[in-house]
Structure formats: structure tokens, C-alpha cells
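Here's the structure we're looking at; comments come further down.
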Amino acid sequence: MGSSGSAAAQDPVHFRFVIAYQRESEWRFDLYTPEEFMALSSVPPFKIYFSVPLDGRTARERSKHSKKVHLTKTRLRRLSEQFDELRKLD
């Protein structure tokens, strides 16, 4: 649900999630409250993206304005711990 998801959970009266899809050339729109949408949602194990230079090319420089969080052993351990804690909450 991203950043809007936390806002929706904090103020469920003013938020709805809309799923738009097309069936037999007709558009349909399903509305869900934050509580309904959370019941249909899951948190997957974290993903790690990588960018490997190929064919002897040099790696691209990291952008100073990027919102990426670069992987370290500490961050990897923390992600694992946080996911384990989330699984224990149910």
C-alpha cells in the first residue's frame, strides 16, 4: 500500500481503494475500504534489486538524488529481522 496505505489506515473514513479492470469490453470499478483492502493484501518477503555491469563496462555512479537504499550486511540483517517480526504478529 505504500505511503498512501498508511494514510488510509490512519484515516479510513476518507480513503477508498479502487480496482479498475475490463471484462468483455466493459470497464468495472470495485471500491474497497482500507480494512477490506488490507484483508486482501499481503507483505511479501523483501526483494533485492541489483545492477551488475556487463561486458566489462564500468558500474554506473550512484545518484545523489536517488531514493534507493543500498544493500549492506547490516541492512540485510535488519530486513530479515523485521520480516520475521511481521510474521510473528499474527
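The values are calculated or read from the model by the stated rules, or taken from the named source; none is laboratory data. The structure presented is a predicted model; accordingly, all values stated were derived computationally and were not measured. Cβ coordinates were reconstructed from backbone atoms using ideal geometry, including for glycine residues, and neighbour counts include every protein chain displayed.
Six or more apart or on different chains, Cβ atoms under 6 Å: show the pairs whose first residue is in region 1-13 and surrounded by 14 or more Cβ atoms within 10 Å (Cβ to Cβ) and whose second is modelled with pLDDT of 55 or more and assigned to a helix (DSSP H, G or I).
Ala8/Pro34; Ala9/Pro34; Pro12/Pro34
Going through Leu76, Leu31, Leu86 one at a time, which residue ends up being over 19 Å from the mean Cα position of the chain (by Cα) and outside any loop (DSSP other than H, G, I, E, B)?
Numbers: Leu76 fails: over 19 Å from the mean Cα position of the chain (by Cα); Leu86 fails: over 19 Å from the mean Cα position of the chain (by Cα).
Being over 19 Å from the mean Cα position of the chain (by Cα) and outside any loop (DSSP other than H, G, I, E, B) holds for just one of Leu76, Leu31, Leu86, which is Leu31.
Just the residues that are under 28 Å from Ile19 (Cα atoms), surrounded by fewer than 10 Cβ atoms within 10 Å (Cβ to Cβ) and either among the hydroxyl-bearing types (Ser, Thr, Tyr) or at pLDDT 90 or above (or both), please, taken from region 41-85.
Correct list: Ser42, Tyr49.
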